[in-house]
Amino acid sequence: MALPPEHRTRIKICGLTREADVDAAVEAGADAIGFVVYEKSPRHVRPERAGELARRLPPYVTPVVLLVNASHELLQQALQAVPHAALQFHGDETPAQCEAALRPYVRAARMAPGFDLLDFALAYPGAQAMLVDAHVDGYGGGGKVFDWSLLPKQLPRPMILSGGLHPGNVKDGVISVRPWAVDVSSGVEAGKGIKDAALMRQFCQAVRAADRQCAEAA
């Protein structure tokens, strides 16, 4: 999916657990805020807690609920608690399971040598975007950067770049990959699930600087 040179890269900050961090992420310029509803994650929040935090968001900042092989009951709890959320599937969910939620969703793909992202994307025609992350043990982000040269030049879905991004490397990532959006969690943290307001601000500023450089180079 080719992007115009003046494209504004969207920013998602994921794994928020505190009201102050939600407010700081919005102030920094995040377009979407992610809540991890997966018990094995150190950033886990229960559905009702995700709902409490999501209600702090102003209009046009999107709440996103991250799920990993969630049961039907947990999925329904999340949908009820955060009724306007987009969903982000990070487990082994099939296309049919993703579609059954009847919600806009993003499908995560873990990049590794030999993994065919194009075929994977074509298997999920209902996905709004493909989130590309490093391949690590377990599910979800491991704060690891993967080889961006593994990414195909074109995808049938918008691409969200993730995996080890932080204020110091996200500008290079945006310029090199030209993704639709970027997703960060551990790269703007003071501790697991505890965000750093200054790092979130620096991250968003670096993305905007990359957008300006791409527009000027066009």
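Here is how the numbers come out for the structure above:
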{"quantity": "Near pairs, Cβ below 8 angstrom, 6+ apart or cross-chain, from the stretch 26-50 (touching a residue at least 40 places away in the same chain (Cβ under 8 Å)) to any residue that is acidic (Asp, Glu)", "calculated": "34/183"}
{"quantity": "Conditions (1) among the charged types (D, E, K, R); (2) touching a residue at least 12 places away in the same chain (Cβ under 8 Å); (3) within 23 Å of residue 29 (Cβ to Cβ); (4) open to solvent by 20 Å² or more (accessible area, probe 1.4 Å); number of the one not met by residue 55", "calculated": "(2)"}
{"quantity": "Strands (runs of 3 or more DSSP E) contained in the stretch 36-141 and holding at least 2 residues of a type outside the set (A, V, I, L, M, F, W, C) and at pLDDT 95 or above", "calculated": "62-67, 105-111"}
{"quantity": "Meets criteria (touching a Ser or Thr at 6+ places or on another chain (Cβ under 6 Å), of a type in the set (Gly, Ala, Ser) and either modelled with pLDDT under 95 or more than 26 Å from residue 125 (Cα to Cα) (or both)) for residue 193", "calculated": "yes"}
{"quantity": "Contacts under 6 angstrom Cβ, first residue in the stretch 115-130 being of a type in the set (Gly, Ala, Ser), partner open to solvent by 10 Å² or more (accessible area, probe 1.4 Å) and in a loop (DSSP other than H, G, I, E, B), 6 or more apart", "calculated": "121/155; 121/156; 121/157; 127/157; 129/157; 129/158"}
{"quantity": "Of all residues in the stretch 151-190 being within 21 Å of residue 91 (Cα to Cα) and not in a loop (DSSP other than H, G, I, E, B), the one that is nearest to the chain's Cα centre (by Cα)", "calculated": "183"}
{"quantity": "Close pairs from the stretch 1-22: first surrounded by fewer than 19 Cβ atoms within 10 Å (Cβ to Cβ), partner of a type in the set (D, E, K, R) and part of a loop (DSSP other than H, G, I, E, B), Cβ under 6 Å, at least 6 apart", "calculated": "3/178; 10/31"}
{"quantity": "Residues within the stretch 173-198 that are open to solvent by 50 Å² or more (accessible area, probe 1.4 Å) and more than 14 Å from residue 17 (Cα to Cα), tallied", "calculated": "4"}
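The values are calculated or read from the model by the stated rules, or taken from the named source; none is laboratory data. These numbers come from a predicted model, not from an experiment. FYI the Cβ positions are ideal-geometry reconstructions off the backbone, even for glycines, and counts take in every protein chain you see. We work out accessible area using only protein heavy atoms, side chains counted, and drop any ligands, DNA or RNA first. Shrake-Rupley method; radii C 1.70, N 1.55, O 1.52, S 1.80 Å.
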